[in-house]
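Q: Here it is, the structure in full.
The values are calculated or read from the model by the stated rules, or taken from the named source; none is laboratory data. Here the structure is a predicted model, which means the values were calculated and not measured. Ideal geometry is used to build each Cβ from the backbone, glycine not excepted, and the neighbour counts take in all protein chains shown. Protein only, heavy atoms only, side chains kept; ligands, DNA and RNA dropped before computing areas. Shrake-Rupley method; radii C 1.70, N 1.55, O 1.52, S 1.80 Å.
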Amino acid sequence: MKEDTYSSGLGAIGFIGAGKVGFSMGKYLSDSGEHLSGYYSKTQESAEQAAIFTGAKAFDNIRDLVNSSDTLFITVPDKEISGVWDCMRKACDLKGKTVLHMSGASTCALFSGIIDTGAYGFSLHPLCAVSDRYQSHKTLSTAVFTIEVSDSSDETYNLKANAIRTAMIHAGNMIVDIRPEDKVLYHAAAVVASNMTVGLVFMAEQMLKRTGFTDEEASKALSPLIKGTMDNILRQGSVNALTGPVERNDVETVSKHLTKLTEQESEVYKALTKALIEIGKIRHEDADYSGMEELL
Ligand SMILES: NC(=O)c1ccc[n+]([C@@H]2O[C@H](COP(=O)([O-])OP(=O)(O)OC[C@H]3O[C@@H](n4cnc5c(N)ncnc54)[C@H](OP(=O)(O)O)[C@@H]3O)[C@@H](O)[C@H]2O)c1
(Lines give C-alpha, C1' and ligand atoms only; values in the text may rest on other atoms or scores of the structure.)
Protein backbone atom coordinates (compact mmCIF):
# COMPACT_ATOMS: atom_id res chain seq x y z
CA MET A 1 0.00 0.00 0.00
CA LYS A 2 1.37 3.46 -0.85
CA GLU A 3 1.95 5.88 2.00
CA ASP A 4 2.65 9.56 1.39
CA THR A 5 5.10 9.85 4.28
CA TYR A 6 7.10 6.68 3.67
CA SER A 7 10.63 6.92 2.29
CA SER A 8 13.20 4.15 2.30
CA GLY A 9 15.90 6.41 0.91
CA LEU A 10 16.24 4.47 -2.33
CA GLY A 11 14.77 7.38 -4.32
CA ALA A 12 13.70 6.67 -7.88
CA ILE A 13 14.37 3.04 -8.81
CA GLY A 14 15.25 2.04 -12.36
CA PHE A 15 15.48 -1.50 -13.71
CA ILE A 16 17.85 -2.69 -16.40
CA GLY A 17 16.52 -6.01 -17.65
CA ALA A 18 12.77 -6.52 -17.88
CA GLY A 19 12.53 -10.25 -17.26
CA LYS A 20 11.04 -12.36 -14.47
CA VAL A 21 12.92 -10.68 -11.62
CA GLY A 22 12.73 -7.17 -13.12
CA PHE A 23 8.95 -7.37 -13.50
CA SER A 24 8.42 -9.04 -10.11
CA MET A 25 10.72 -6.84 -8.00
CA GLY A 26 9.43 -3.70 -9.72
CA LYS A 27 5.82 -4.56 -9.02
CA TYR A 28 6.62 -5.73 -5.50
CA LEU A 29 8.56 -2.60 -4.55
CA SER A 30 6.08 -0.29 -6.23
CA ASP A 31 3.18 -1.92 -4.33
CA SER A 32 5.20 -1.42 -1.15
CA GLY A 33 5.45 2.34 -1.74
CA GLU A 34 8.76 2.73 -3.59
CA HIS A 35 8.92 5.06 -6.59
CA LEU A 36 9.96 3.48 -9.88
CA SER A 37 11.57 5.60 -12.58
CA GLY A 38 11.20 2.83 -15.16
CA TYR A 39 12.73 0.12 -17.28
CA TYR A 40 15.36 -0.32 -19.93
CA SER A 41 15.76 -3.77 -21.51
CA LYS A 42 17.34 -5.52 -24.45
CA THR A 43 14.04 -5.36 -26.26
CA GLN A 44 11.82 -2.29 -26.11
CA GLU A 45 8.77 -4.56 -25.96
CA SER A 46 9.82 -6.06 -22.61
CA ALA A 47 10.60 -2.61 -21.19
CA GLU A 48 7.17 -1.35 -22.27
CA GLN A 49 5.32 -4.36 -20.86
CA ALA A 50 7.13 -4.03 -17.53
CA ALA A 51 6.39 -0.30 -17.45
CA ILE A 52 2.68 -0.94 -18.02
CA PHE A 53 2.63 -3.68 -15.37
CA THR A 54 4.28 -1.50 -12.72
CA GLY A 55 2.91 1.92 -13.67
CA ALA A 56 6.39 3.17 -14.57
CA LYS A 57 8.06 4.45 -17.75
CA ALA A 58 9.85 2.57 -20.54
CA PHE A 59 13.22 3.97 -21.65
CA ASP A 60 14.82 3.28 -25.03
CA ASN A 61 18.36 3.99 -23.83
CA ILE A 62 20.29 3.18 -20.69
CA ARG A 63 21.65 6.70 -20.13
CA ASP A 64 18.21 8.31 -19.82
CA LEU A 65 17.13 5.61 -17.36
CA VAL A 66 20.26 6.13 -15.26
CA ASN A 67 19.81 9.91 -15.27
CA SER A 68 16.22 9.47 -14.04
CA SER A 69 17.15 7.05 -11.25
CA ASP A 70 18.85 7.15 -7.86
CA THR A 71 18.97 3.36 -7.55
CA LEU A 72 19.62 0.94 -10.41
CA PHE A 73 18.63 -2.72 -10.24
CA ILE A 74 20.54 -4.71 -12.86
CA THR A 75 18.17 -7.64 -13.41
CA VAL A 76 19.72 -9.22 -16.51
CA PRO A 77 20.97 -12.85 -16.68
CA ASP A 78 24.13 -13.39 -14.60
CA LYS A 79 26.41 -13.68 -17.63
CA GLU A 80 25.21 -10.26 -18.88
CA ILE A 81 25.77 -8.28 -15.66
CA SER A 82 29.43 -7.38 -16.32
CA GLY A 83 28.69 -6.24 -19.86
CA VAL A 84 25.76 -4.08 -18.76
CA TRP A 85 27.86 -2.58 -15.95
CA ASP A 86 30.68 -1.85 -18.38
CA CYS A 87 28.27 -0.08 -20.66
CA MET A 88 26.81 1.93 -17.73
CA ARG A 89 30.14 3.10 -16.39
CA LYS A 90 31.35 4.17 -19.81
CA ALA A 91 28.13 5.91 -20.91
CA CYS A 92 26.64 7.30 -17.71
CA ASP A 93 27.33 9.62 -14.81
CA LEU A 94 26.93 7.25 -11.84
CA LYS A 95 28.15 9.51 -9.04
CA GLY A 96 26.21 8.86 -5.82
CA LYS A 97 23.96 6.21 -7.39
CA THR A 98 23.15 2.90 -5.72
CA VAL A 99 23.74 0.02 -8.11
CA LEU A 100 22.76 -3.54 -7.37
CA HIS A 101 22.50 -6.86 -9.10
CA MET A 102 20.44 -9.82 -7.94
CA SER A 103 22.64 -12.81 -8.66
CA GLY A 104 22.79 -15.41 -5.88
CA ALA A 105 26.32 -16.65 -6.49
CA SER A 106 28.16 -13.54 -7.72
CA THR A 107 29.39 -10.62 -5.68
CA CYS A 108 29.88 -6.93 -6.31
CA ALA A 109 33.26 -7.79 -7.78
CA LEU A 110 31.27 -7.78 -11.03
CA PHE A 111 31.15 -3.98 -10.69
CA SER A 112 34.77 -3.50 -11.69
CA GLY A 113 36.17 -0.01 -11.19
CA ILE A 114 33.08 1.12 -9.25
CA ILE A 115 35.09 3.33 -6.89
CA ASP A 116 36.16 5.53 -9.82
CA THR A 117 32.52 6.04 -10.85
CA GLY A 118 31.40 7.33 -7.42
CA ALA A 119 28.59 4.75 -7.33
CA TYR A 120 27.87 2.32 -4.48
CA GLY A 121 27.47 -1.36 -5.34
CA PHE A 122 25.51 -4.15 -3.69
CA SER A 123 24.07 -7.52 -4.49
CA LEU A 124 20.59 -8.28 -3.20
CA HIS A 125 19.18 -11.79 -3.53
CA PRO A 126 15.76 -13.28 -2.76
CA LEU A 127 15.87 -16.89 -1.59
CA CYS A 128 12.98 -18.02 -3.75
CA ALA A 129 12.17 -19.07 -7.29
CA VAL A 130 10.88 -16.26 -9.52
CA SER A 131 9.23 -18.10 -12.37
CA ASP A 132 6.61 -15.77 -13.81
CA ARG A 133 6.77 -12.13 -14.88
CA TYR A 134 3.18 -11.43 -13.87
CA GLN A 135 2.61 -13.71 -10.85
CA SER A 136 5.84 -14.06 -8.88
CA HIS A 137 5.61 -10.66 -7.14
CA LYS A 138 2.85 -12.25 -5.03
CA THR A 139 5.26 -14.76 -3.51
CA LEU A 140 8.19 -12.38 -2.94
CA SER A 141 6.78 -11.41 0.45
CA THR A 142 7.66 -14.89 1.76
CA ALA A 143 11.33 -14.66 0.68
CA VAL A 144 14.27 -13.94 2.94
CA PHE A 145 16.61 -11.52 1.13
CA THR A 146 20.36 -11.31 1.55
CA ILE A 147 22.34 -8.13 1.04
CA GLU A 148 26.05 -8.37 0.34
CA VAL A 149 27.91 -5.93 2.54
CA SER A 150 31.59 -5.30 1.97
CA ASP A 151 32.73 -1.77 2.83
CA SER A 152 31.10 -0.96 6.16
CA SER A 153 33.72 1.67 7.04
CA ASP A 154 32.23 4.14 4.55
CA GLU A 155 29.38 6.23 5.97
CA THR A 156 27.60 6.80 2.66
CA TYR A 157 27.90 3.12 1.80
CA ASN A 158 26.22 2.30 5.13
CA LEU A 159 23.42 4.79 4.47
CA LYS A 160 22.81 3.19 1.07
CA ALA A 161 22.82 -0.31 2.59
CA ASN A 162 20.34 0.87 5.22
CA ALA A 163 18.02 2.24 2.54
CA ILE A 164 17.96 -1.20 0.87
CA ARG A 165 17.33 -2.90 4.23
CA THR A 166 14.56 -0.41 5.04
CA ALA A 167 12.85 -0.99 1.69
CA MET A 168 12.84 -4.77 2.13
CA ILE A 169 11.75 -4.69 5.77
CA HIS A 170 8.99 -2.24 4.88
CA ALA A 171 7.85 -4.61 2.15
CA GLY A 172 7.59 -7.34 4.80
CA ASN A 173 10.80 -9.32 4.25
CA MET A 174 13.53 -10.50 6.53
CA ILE A 175 16.91 -9.32 5.21
CA VAL A 176 20.22 -10.88 6.22
CA ASP A 177 23.73 -9.46 5.69
CA ILE A 178 26.15 -11.71 3.83
CA ARG A 179 29.88 -11.24 3.31
CA PRO A 180 31.22 -11.43 -0.25
CA GLU A 181 33.41 -14.43 0.61
CA ASP A 182 30.32 -16.34 1.81
CA LYS A 183 28.14 -15.85 -1.23
CA VAL A 184 29.16 -19.03 -3.04
CA LEU A 185 28.55 -21.17 0.06
CA TYR A 186 25.25 -19.39 0.62
CA HIS A 187 24.16 -20.06 -2.95
CA ALA A 188 25.25 -23.70 -2.69
CA ALA A 189 23.02 -24.04 0.40
CA ALA A 190 20.06 -22.77 -1.60
CA VAL A 191 20.83 -25.28 -4.36
CA VAL A 192 21.05 -28.12 -1.82
CA ALA A 193 17.66 -27.17 -0.31
CA SER A 194 15.84 -26.79 -3.62
CA ASN A 195 17.51 -28.44 -6.64
CA MET A 196 19.05 -31.33 -4.69
CA THR A 197 15.63 -32.17 -3.23
CA VAL A 198 14.38 -32.54 -6.79
CA GLY A 199 17.31 -34.89 -7.52
CA LEU A 200 16.54 -36.99 -4.43
CA VAL A 201 12.88 -37.37 -5.36
CA PHE A 202 13.89 -38.34 -8.90
CA MET A 203 16.24 -40.97 -7.46
CA ALA A 204 13.48 -42.40 -5.22
CA GLU A 205 11.14 -42.57 -8.24
CA GLN A 206 13.74 -44.54 -10.23
CA MET A 207 14.16 -46.96 -7.31
CA LEU A 208 10.40 -47.54 -7.02
CA LYS A 209 10.17 -48.09 -10.78
CA ARG A 210 12.73 -50.91 -10.48
CA THR A 211 10.25 -52.63 -8.14
CA GLY A 212 7.49 -52.40 -10.76
CA PHE A 213 5.83 -49.04 -9.98
CA THR A 214 4.63 -47.02 -12.97
CA ASP A 215 5.57 -43.31 -13.20
CA GLU A 216 2.13 -42.35 -11.95
CA GLU A 217 2.15 -44.86 -9.10
CA ALA A 218 5.62 -43.77 -7.99
CA SER A 219 4.69 -40.10 -8.00
CA LYS A 220 1.44 -40.74 -6.09
CA ALA A 221 3.13 -43.05 -3.60
CA LEU A 222 5.87 -40.54 -2.76
CA SER A 223 3.56 -37.53 -2.50
CA PRO A 224 2.39 -37.97 1.14
CA LEU A 225 5.93 -38.89 2.21
CA ILE A 226 7.40 -35.76 0.64
CA LYS A 227 4.63 -33.45 1.84
CA GLY A 228 4.66 -34.93 5.35
CA THR A 229 8.43 -34.62 5.61
CA MET A 230 8.42 -31.02 4.38
CA ASP A 231 5.63 -30.14 6.82
CA ASN A 232 7.57 -31.70 9.68
CA ILE A 233 10.79 -29.89 8.73
CA LEU A 234 8.98 -26.54 8.51
CA ARG A 235 7.04 -27.13 11.73
CA GLN A 236 9.70 -28.73 13.93
CA GLY A 237 13.05 -27.98 12.27
CA SER A 238 15.28 -30.50 10.48
CA VAL A 239 16.77 -32.06 13.63
CA ASN A 240 13.39 -32.92 15.13
CA ALA A 241 11.88 -34.02 11.82
CA LEU A 242 14.17 -37.02 11.33
CA THR A 243 12.63 -40.50 11.50
CA GLY A 244 13.74 -43.83 9.98
CA PRO A 245 16.57 -46.36 10.29
CA VAL A 246 19.45 -43.92 10.82
CA GLU A 247 17.59 -42.13 13.61
CA ARG A 248 16.89 -45.58 15.16
CA ASN A 249 20.56 -46.54 14.70
CA ASP A 250 19.36 -49.61 12.75
CA VAL A 251 22.61 -50.70 11.08
CA GLU A 252 21.13 -53.93 9.68
CA THR A 253 18.44 -52.16 7.64
CA VAL A 254 20.87 -49.59 6.28
CA SER A 255 23.24 -52.40 5.34
CA LYS A 256 20.44 -54.23 3.47
CA HIS A 257 19.48 -51.06 1.60
CA LEU A 258 23.01 -50.66 0.31
CA THR A 259 22.91 -54.12 -1.33
CA LYS A 260 20.07 -53.02 -3.62
CA LEU A 261 21.33 -49.65 -4.81
CA THR A 262 23.24 -48.72 -7.94
CA GLU A 263 26.73 -47.32 -7.45
CA GLN A 264 25.54 -43.75 -7.86
CA GLU A 265 22.55 -44.24 -5.54
CA SER A 266 24.84 -45.86 -3.01
CA GLU A 267 27.19 -42.86 -3.04
CA VAL A 268 24.32 -40.44 -2.44
CA TYR A 269 22.77 -42.70 0.21
CA LYS A 270 26.04 -43.01 2.10
CA ALA A 271 26.83 -39.29 1.94
CA LEU A 272 23.41 -38.34 3.25
CA THR A 273 23.46 -41.07 5.90
CA LYS A 274 26.61 -39.42 7.27
CA ALA A 275 24.65 -36.15 7.52
CA LEU A 276 21.78 -38.00 9.23
CA ILE A 277 24.19 -39.52 11.76
CA GLU A 278 25.11 -35.93 12.71
CA ILE A 279 21.44 -35.33 13.45
CA GLY A 280 21.21 -38.64 15.35
CA LYS A 281 24.11 -37.57 17.54
CA ILE A 282 22.39 -34.29 18.35
CA ARG A 283 19.13 -36.10 19.16
CA HIS A 284 20.68 -38.92 21.19
CA GLU A 285 23.85 -37.70 22.87
CA ASP A 286 24.62 -41.13 24.38
CA ALA A 287 23.98 -43.24 21.27
CA ASP A 288 26.91 -45.10 19.69
CA TYR A 289 26.89 -44.69 15.92
CA SER A 290 30.26 -46.37 15.38
CA GLY A 291 28.65 -49.46 13.73
CA MET A 292 26.78 -47.27 11.27
CA GLU A 293 29.90 -45.19 10.61
CA GLU A 294 31.99 -48.30 9.91
CA LEU A 295 29.39 -49.51 7.41
CA LEU A 296 29.76 -46.30 5.45
N1 LIG B 1 14.46 -16.31 -11.68
C2 LIG B 1 14.82 -16.59 -10.43
O3 LIG B 1 14.27 -17.50 -9.80
C4 LIG B 1 15.85 -15.75 -9.73
C5 LIG B 1 15.89 -15.76 -8.33
C6 LIG B 1 16.82 -14.97 -7.67
C7 LIG B 1 17.71 -14.19 -8.41
N8 LIG B 1 17.66 -14.20 -9.79
C9 LIG B 1 18.61 -13.34 -10.51
O10 LIG B 1 17.90 -12.28 -11.13
C11 LIG B 1 18.58 -11.87 -12.33
C12 LIG B 1 17.62 -11.90 -13.50
O13 LIG B 1 17.10 -13.21 -13.65
P14 LIG B 1 15.69 -13.48 -14.37
O15 LIG B 1 15.27 -14.84 -13.92
O16 LIG B 1 14.78 -12.34 -14.23
O17 LIG B 1 16.15 -13.60 -15.90
P18 LIG B 1 15.25 -13.43 -17.20
O19 LIG B 1 13.83 -13.76 -16.90
O20 LIG B 1 15.94 -14.15 -18.30
O21 LIG B 1 15.28 -11.87 -17.49
C22 LIG B 1 16.42 -11.17 -17.83
C23 LIG B 1 16.03 -10.05 -18.77
O24 LIG B 1 17.20 -9.29 -19.04
C25 LIG B 1 17.09 -8.72 -20.31
N26 LIG B 1 18.44 -8.63 -20.88
C27 LIG B 1 19.26 -9.62 -21.26
N28 LIG B 1 20.43 -9.13 -21.67
C29 LIG B 1 20.33 -7.77 -21.54
C30 LIG B 1 21.22 -6.70 -21.81
N31 LIG B 1 22.45 -6.92 -22.29
N32 LIG B 1 20.78 -5.44 -21.57
C33 LIG B 1 19.55 -5.21 -21.09
N34 LIG B 1 18.66 -6.20 -20.83
C35 LIG B 1 19.06 -7.46 -21.03
C36 LIG B 1 16.18 -9.62 -21.14
O37 LIG B 1 15.24 -8.73 -21.65
P38 LIG B 1 14.42 -8.87 -23.03
O39 LIG B 1 13.15 -9.56 -22.60
O40 LIG B 1 14.27 -7.46 -23.38
O41 LIG B 1 15.23 -9.69 -24.00
C42 LIG B 1 15.51 -10.55 -20.11
O43 LIG B 1 14.12 -10.47 -20.14
C44 LIG B 1 19.77 -12.84 -12.48
O45 LIG B 1 20.90 -12.21 -11.93
C46 LIG B 1 19.35 -14.03 -11.63
O47 LIG B 1 20.46 -14.77 -11.12
C48 LIG B 1 16.76 -14.95 -10.46
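Q: Give segment 208-223 a look and list any residue that's of a type outside the set (Lys, Arg) and open to solvent by 90 Å² or more (accessible area, probe 1.4 Å), or say none.
A: Hits for segment 208-223 are THR211, ASP215, GLU216, GLU217.
Q: Taking the conditions exactly as written (of a type in the set (Asp, Glu) and open to solvent by 60 Å² or more (accessible area, probe 1.4 Å)), does GLU265 satisfy them or not?
A: Details: of a type in the set (Asp, Glu): yes; open to solvent by 60 Å² or more (accessible area, probe 1.4 Å): no.
No: the conditions fail for GLU265.
Q: Turning to a different aspect of this structure: Where residues in segment 244-267 are of a type outside the set (Asp, Glu) and assigned to a loop (DSSP other than H, G, I, E, B), which of them is nearest to GLU278 (Cα to Cα)?
A: Ranking the candidates gives VAL246 first.
Q: Buried (at least 21 other Cβ atoms within 10 Å of the Cβ) and β-branched (Val, Ile, Thr), is that true of ILE52?
A: no
Q: Another question, if that's okay. Scanning segment 27-48 for residues that are buried (at least 19 other Cβ atoms within 10 Å of the Cβ) and small (Gly, Ala, Ser), which turns out nearest to THR166 (Cα to Cα)?
A: This residue is SER32.
Q: Here's a follow-up. Step by step: first the residues of segment 79-104, then only those that are more than 8 Å from the ligand (Cβ to nearest atom) and among the polar types (S, T, N, Q), then the one that is farthest from VAL66 (Cα to Cα). Which residue is that?
A: SER82
Q: A further question on this structure: Go through segment 134-185 and give me each residue that's of a type in the set (D, E, K, R) and closer than 15 Å to LYS27 by Cβ.
A: LYS138
Q: Any idea which of SER46, SER30, SER41, SER24 is under 26 Å from the mean Cα position of the chain (by Cα) and away from the ligand (no atom under 11 Å from the Cβ)?
A: Criteria check complete, one pass: SER30.
Q: Do we find that THR107 is more than 10 Å from the ligand (Cβ to nearest atom) and under 23 Å from the mean Cα position of the chain (by Cα) in this structure?
A: Yes: the conditions hold for THR107.
Q: Given the conditions (1) within 17 Å of LYS42 (Cβ to Cβ); (2) crowded, with 16+ Cβ neighbours inside 10 Å, which single one is not true for ASP86?
A: (2)
Q: Here is a further query. Inspect segment 285-295 for any residue being without any contact (Cβ under 8 Å) to a residue 12 or more places away in the chain, closer than 21 Å to MET207 by Cα, open to solvent by 90 Å² or more (accessible area, probe 1.4 Å) and part of a loop (DSSP other than H, G, I, E, B) and give the result as yes or no.
A: No: zero hits.
Q: In addition: I'd like the full set of residues that are open to solvent by less than 10 Å² (accessible area, probe 1.4 Å), assigned to a loop (DSSP other than H, G, I, E, B) and not hydroxyl-bearing (Ser, Thr, Tyr), limited to segment 99-110.
A: The one that is open to solvent by less than 10 Å² (accessible area, probe 1.4 Å), assigned to a loop (DSSP other than H, G, I, E, B) and not hydroxyl-bearing (Ser, Thr, Tyr): GLY104.
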